[in-house]
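Some notes on the structure that comes next.
Rule-based calculations on the coordinates, nothing more; no lab input. Just so we're clear, the structure is a prediction, and the values are computed from it rather than from any experiment. Here the Cβ positions follow ideal geometry from the backbone for every residue, glycine too, while neighbour counts run over all protein chains shown.
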Amino acid sequence: MSLMDILSIVIPSTMLWAAPLIFTALGGTFSERSGVVNIGLEGLMVIGAFTAIVFNLTFAHVFGEMTPWVSLLAAMVIGGLFSVIHAVASITFRADQTVSGVAINLLAVGVSLFLVKFIYDKGQTDIIQKGFSKVDIPLLSDIPIIGKIFFSNTYYTSYVAIIVAIIAWYVIFKTPFGLRLRSVGEHPMAADTMGINVTRIRYIAVILSGALGGIGGGIYAQSITSDFSHSTISGQGFMALAAMIFGKWHPLGAMGAALFFGFAQSLSIIGSSLPFLENIPNVYLLAAPYVLTILALTGFIGRADAPKASGVPYIKGSR
Amino acid sequence: MSSRMKNIIVPVLAVLLGIIVGTIIMLVTGYDAGAAFIALWDGAFGDIYYTGETIRQITPYILAGLAVGFAFKTGLFNIGVEGQLLVGWLAAVWVGVAFELPKVIHLPLAVLAAAVAGALWAFIPGLLKAKFRVHEVIVTIMMNYVALHVVNHVIRTVLSNKSDRTADIYASASLRSPFLEGLTDYSRLHWGIIVALICVIIMWFILEKTSRGYELKAVGFNQHASEYAGMNVKSNIILSMVISGAFAGLAGAMEGLGTFGYQSISGGFTGVGFDGIAVALLGGNTPIGIVLAAILFGSLKVGALNMPLEAGVPNELVDIIIALIVFFVAASYMIRIFIDRIGKKGAK
């Protein structure tokens with residue numbers, strides 16, 4: 001097996017696994033940059049996956065080939081709406097943000113499985129017929145070497161994820177909104193003094209995280225599992241959280257980390273078919289993202305520091 | 001209204017609100033709410049067999065609740081109970097299958113192994129928090145997944161020959177009891193409930209009757225004041241995590257030595273660790289509160305299994321109610337303000 005063959009297997013697979021992580025990690029970045037810890041990302045992905053699959057199954061005959069994309073929009077909207085619960089609890093009611101995130105995770109699994117049984121009268125949905133499928137991207141896949149490695153047998157969603165990461169970087173670091181977002185996350189009192197509506201910015205950020213998490217779940221369900229059951233989303237949300245931290249709360253960093261974690265995940269699945277990896281137990285690959293995140297937090301791989309006001313409810317007038 | 005009174009009313013209101021919203025969900029989706037709650041009650045207490053199963057489920061909930069609650073007392077949020085539980089389960093089963101010893105030695109050894117394994121797993125986030133000021137929430141979440149994959153790997157390669165479960169433990173390490181099983185119409189009730197209740201007393205004793213416990217609580221209230229008073233904040237943080245992890249490991253031992261008698265590989269978590277957060281939160285992190293909350297959640301979980309059979313309502317409804325209860329306790333700011341308003345009106 002030549003290097004070329006290996007790359008043309010590994011890279012598309014990496015990008016397939018990374019796309020949901022990128023979206024969800026970006027969601028986490030928005031939320032935490034505004035000072036709201038969101039460990040409910042897992043639950044938001046569950047809601048996104050559930051919505052996308054149900055929408056897809058219901059409307060496949062209406063939208064035809066466009067179904068997965070429209071389903072993704074539905075997942076985005078419902079994910080955004082669901083995250084309002086977290087926003088109300090942690091911003092308005094000053095709940096412990098970690099606890100509220102745990103409640104989101106429990107609630108998402110409960111609600112989505114309850115509704116699956118309510119709608120379909122069984123524990124899991126049927127397999128969707130119109131999922132995201134592998135494509136050779138026109139024109140780009142004709143480029144010699146690069147075309148075969150990066151643009152053949154791949155998914156459009158992976159490229160959308162990378163583009164959205166770049167947009168997120170632009171929004172957070174180059175626009176007035178981004179500056180406000182970051183200031184609210186670092187020093188809400190100072191931001192408030194300057195006339196920034198802390199509550200409003202935080203609400204927007206949390207809803208954005210819900211929308212992006214919903215998209216992440218929707219992509220995962222429609223390109224990897226193709227149905228929805230209790231085990232559809234099992235830890236991807238927490239892995240996205242890890243990617244966000246490993247990427248040091250920076251959109252492009254989060255994207256890089258998500259790609260790397262996607263690489264580790266895909267190797268743990270396709271590794272047995274690659275010549276130099278078949279003897280490595282895949283426990284190392286499976287555990288690698290989490291171990292690396294712990295090391296990054298500890299400072300062994302460049303210290304990762306959270307936004308200063310992250311996790312602290314803002315109470316007007318208190319010092 | 002006294003704050004003590006409020007501490008009791010808030011969780012009670014949260015439970016009521018959770019049940020009310022759960023009822024609304026059933027009404028909206030057209031399920032028979034009355035039949036669902038009757039089925040829930042029957043499924044938890046309607047028969048001596050179900051009661052046995054309920055008590056069996058309460059056992060790990062108490063221990064998981066103690067684990068979360070103990071760390072909370074020192075101001076630490078241990079979301080890693082799930083992972084500590086898995087390594088505790090593994091350690092207990094490992095000792096259980098590795099050798100045959102007289103019961104008086106083997107059983108305590110297996111239980112102890114679980115506590116030590118859980119404690120070691122929690123020692124890492126404790127150490128990182130104390131030495132590097134790394135937030136324990138993230139580290140414990142990551143350690144959960146490391147535990148999941150490592151435990152699966154050990155089961156597959158060390159404790160079995162590429163099989164998906166370990167062998168059954170020797171009877172000498174088992175918590176099973178023919179007496180309790182006979183008493184409850186052959187449910188899986190085992191002696192673990194005694195272990196759990198002993199741990200409740202241990203938590204109460206450490207926190208209320210020892211100077212170490214006083215220090216742990218002081219660090220939870222105010223780290224800087226504790227340091228100024230000459231307490232070693234770092235060692236208290238590590239100790240709190242270690243004790244918390246030991247409780248979590250014991251919860252794993254209950255599953256490994258009592259309920260199942262083996263461990264199988266799994267793609268996800270048991271959920272007991274996350275439910276432990278709900279238990280501790282609702283119980284106000286006090287030993288007696290944790291027992292009461294564990295009884296409530298244990299009954300809900302076991303009773304729920306009867307809901308699809310008897311009332312045709314999906315058992316996930318109970319998961320929704322539990323999540324809502326956590327949510328309402330977390331957002332108790334709202335409930336407290338509400339109580340204050342009512343209290344003021346009454347005073348006029």
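Of the residues A:G256, A:G237, A:G123, the one that moves most in a GNM of chain A with alpha-carbon contacts below 10 Å is A:G123.
Annotation: the residues A:V99, B:V68, A:V135, sorted from fewest to most other C-beta atoms within 10 Å of their own C-beta, follow the order A:V135, A:V99, B:V68. Note on the range A:207-261: Rg/Rh from Cα positions, Kirkwood definition for Rh, rounded to two decimals, is 1.00. Label-to-label distance for B:F132 and B:I288 is 4.2 nm, based on points extended 7 Å past Cα in the beta-carbon direction.
Exposure proxy for B:M203, B:M231: other Cβ atoms within 10 Å of each Cβ, ordered fewest to most, give B:M231, B:M203. If you build a Gaussian network model of chain A, linking Cα atoms that sit under 10 Å apart, which residue out of A:A309, A:A254, A:A288 swings the most? The residue that fluctuates most here is A:A288. A simple rule links phi to the HN-Hα coupling: the Karplus curve 6.51 cos²θ - 1.76 cosθ + 1.60 with θ = phi - 60°, which for the range B:188-198 gives 8, 4, 9, 5, x, 4, 5, 4, 4, 5, 4 Hz, with x for Gly and Pro. Going from the residue with the fewest nearby Cβ atoms within 10 Å to the one with the most, B:F327, B:F274 rank B:F274, B:F327.
Extension gain, B:T157-B:D340: 0.36 nm per intervening residue step, less the Cα-Cα distance, totals 60.0 nm.
For the range B:60-290, rounded, prolate or oblate, judged on the Cα gyration tensor with a ≥ b ≥ c (square roots of eigenvalues), a/c < 1.5 rounded, else prolate if a/b > b/c? Taking the square roots of the gyration eigenvalues as a ≥ b ≥ c, the range B:60-290 is prolate. Working from Cα pairs under 8 Å separated by at least six residues, relative contact order for chain B is 36 percent. Normalised by the number of residues in the range A:169-319, the average gap of Cα pairs under 8 Å and 6 or more apart makes the relative contact order 24 percent. Per-residue Karplus couplings for the range B:145-156, computed as 6.51 cos²θ - 1.76 cosθ + 1.60 with θ equal to phi - 60°, are listed in order as 6, 4, 4, 4, 6, 5, 4, 4, 5, 5, 4, 6 Hz, Gly and Pro entered as x.
Quick one: go through the range A:62-81 and flag any residue whose amide nitrogen is under 17 Å from the point 7 Å out along the Cα-to-Cβ line of A:V135. Only A:63-73 fall inside the zone, counting backbone N under 17 Å. Taken one residue at a time, the phi angles of the range B:41-53 give Karplus couplings (6.51, -1.76, 1.60, θ = phi - 60°) of 5, 4, x, 9, 9, x, 8, 4, 4, 5, 4, x, 5 Hz. Gly and Pro are set to x. Of the residues B:V233, A:N105, B:I19, the one whose Cα sits farthest toward the positive end of the charge dipole of the protein assembly as shown, with +1 on the Cβ of Lys and Arg and -1 on the Cβ of Asp and Glu, is B:V233.
To the nearest 0.05, what FRET efficiency results for A:I127 and B:I48 with a Förster distance of 41 Å applied to their C-beta separation? For R0 = 41 Å, the calculated efficiency reads 0.40. For chain A, the relative contact order comes to 37 percent (Cα pairs under 8 Å, sequence separation of at least 6). Shape of the protein assembly as shown from its Cα gyration tensor (a ≥ b ≥ c, root eigenvalues): rounded if a/c is under 1.5, otherwise prolate when a/b > b/c, or oblate? Taking the square roots of the gyration eigenvalues as a ≥ b ≥ c, the protein assembly as shown is rounded.
A Cβ-based charge dipole, computed about the Cα centre of chain B with Lys and Arg at +1 and Asp and Glu at -1, lands at about 1360 debye.
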